[in-house]
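Right, one structure below, let's go through it.
What follows draws every value from the coordinates through simple rules; no lab data is involved. Keep in mind the model is a prediction, meaning the values are calculated, not measured. With ideal geometry, Cβ positions are generated from the backbone for all residues, glycine too; neighbour counts draw on all protein chains shown.
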Amino acid sequence: MPKPESFPIEKIFVPTKQKKAIKPEIVGEIAESILDIGQQAPISVRLDGDRLVLVEGLHRLEACKALGETTIIGVLVPAELAQHKPRLSEGPEVEAERIKMARLKKLRLEKEAAEASTAALKGVNATEAPRPRPAKGVRGNPKASLDRTAESTRKTLSDWITQQKGNGGRY
């Protein structure tokens with residue numbers, strides 16, 4: 001195990017990914033604890049060229065910055081160890097939680113798919129409502145006129161001329 005030593009805070013680089021995880025309430029709690037009893041756990045840093053890169057201890061580092069400290073106690077870890085640090089996934093409780101969350105996600109996706117399918121079927125049924133069919137022939141067809149009814153029985157031009165002469169002779 002590496003020996004804890006003091007590092008200048010301004011020389012420690014915090015990766016952007018880690019900066020997004022800062023929780024101000026935790027920083028505040030740690031800062032109060034450091035004021036009361038001092039820093040109890042060292043941070044972990046690794047060398048990257050000429051700079052130090054934070055591996056672990058973001059909230060402790062931020063608490064020391066907030067208190068105006070210029071140095072922080074930490075341990076220098078080799079880059080290989082920094083990338084292979086133990087993960088939470090190695091614990092059985094965490095694995096059980098991961099399985100539970102995966103199952104819940106699957107159930108949620110299945111529910112959303114079923115709802116979407118139901119909504120799509122309702123939409124199709126609404127658009128396929130039976131349309132009124134026009135009546136066959138003239139009877140019951142509002143578009144047919146009475147004149148067309150009479151004309152529909154004539155078959156020749158001479159019949160039409162005869163009818164027109166009977167209606168006053170205009171054609």
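Among the trypsin sites (Lys or Arg not before Pro) in the range 1-32, those placed in a DSSP loop whose Cβ has at most 14 other Cβ atoms within 10 Å are Lys20. List the pairs from Lys17/Lys106; Lys17/Lys105; Lys20/Lys105; Lys100/Lys122 whose alpha-carbon separation is above 30 Å, in the order I gave them. Violating the 30 Å limit, Cα to Cα: Lys100/Lys122. Per residue, the convex hull around the alpha carbon atoms of the range 5-83 comes to 86 Å³.
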